[in-house]
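Enquirer: Here's a structure for you.
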Amino acid sequence: MSEKLIYITDNDMKRLKELIMVASELDKKDEKYLKDLEGELERGKVVKSQDIPSNVITMNSKIRLRDIDTQEEMIYQLVFPDNADASQGKISILAPIGTALLGYKVGDIVKWKVPAELTKLKVEDILYQPEAAGDYHL
């Protein structure tokens, strides 16, 4: 994860802070991921849901990414942990890639470390963003 400025909706910020608070009390195995998410939220610029640009990844956004090294394209939806399902491309915000994606926009390169290497994905398109569709309370 980098120090690039990211944008987070006020609704997402509220729900994610609640998630961190509840999850940190319940489940110590996610502690590292919760700290990573908290770090991302701290550096994010909060924007009203109605004012978030349509090219920014928010919670429940469905996005098309391209791996910079392999050129492979993939489609993911960024979701809360209870809705995560890798077989349907639904990636939890607590997964390292999920945390890394939040707040980035079309054209950005998202970098995060996996055990063997640094992975780089380009945000090619946002296929669905709740705020752009007028869905403010997903």
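Enquirer: Calculate, in nm to one decimal, what Q88 and A116 gain on full extension: separation in residues at 0.36 nm each, minus their alpha carbon distance.
Expert: 7.5 nm
Enquirer: What residues have an amide H closer than 5 Å to that of D125, excluding those fewer than 5 places away on the same chain, when H is modeled at 1.01 Å from N in the peptide plane?
Expert: Correct list: R64.
Enquirer: Continuing with the same structure: With the Cα gyration tensor of the stretch 6-128 giving a ≥ b ≥ c as the square roots of its eigenvalues, does the rule (a/c under 1.5 for rounded; else a/b larger than b/c for prolate; else oblate) give rounded, prolate or oblate?
Expert: Oblate, because a/c is 1.5 or more while a/b does not exceed b/c.
Enquirer: Then there is this: So what J values fall out for the stretch 96-112 if you push phi through Karplus, 6.51 cos²θ - 1.76 cosθ + 1.60 with θ = phi - 60°, rounded to Hz, Gly and Pro as x?
Expert: Using θ = phi - 60°, the values come out as x, 5, x, 4, 5, 6, 3, x, 7, 10, 3, x, 6, 9, 9, 10, 8 Hz.
Enquirer: Related question: Could you work out which residue, out of N60, N83, N11, moves most in a Gaussian network model of the chain, that is, has the largest mean-square fluctuation with Cα springs under 10 Å?
Expert: N83
Enquirer: Here is a further query. What whole-number volume per residue, in cubic angstrom, does the convex hull of the C-alpha atoms of the stretch 32-100 give?
Expert: 117 Å³
Enquirer: Applying the Karplus parametrisation 6.51 cos²θ - 1.76 cosθ + 1.60 with θ = phi - 60° to the phi angles of the stretch 50-65, what ³J(HN,Hα) value in whole Hz is obtained for each residue in order, glycine and proline being reported as x?
Expert: 5, 9, 6, x, 6, 9, 9, 6, 10, 4, 6, 5, 10, 10, 10, 10
Enquirer: Among Q77, Q88, Q50, which one moves the most in a GNM of the chain with springs linking Cα atoms closer than 10 Å?
Expert: Judging by the Gaussian network model, the answer is Q88.
All of the numbers you see were taken from the coordinates with simple rules; none came from a lab. On a predicted model such as this, the values are computed, not experimentally measured, just so you know.
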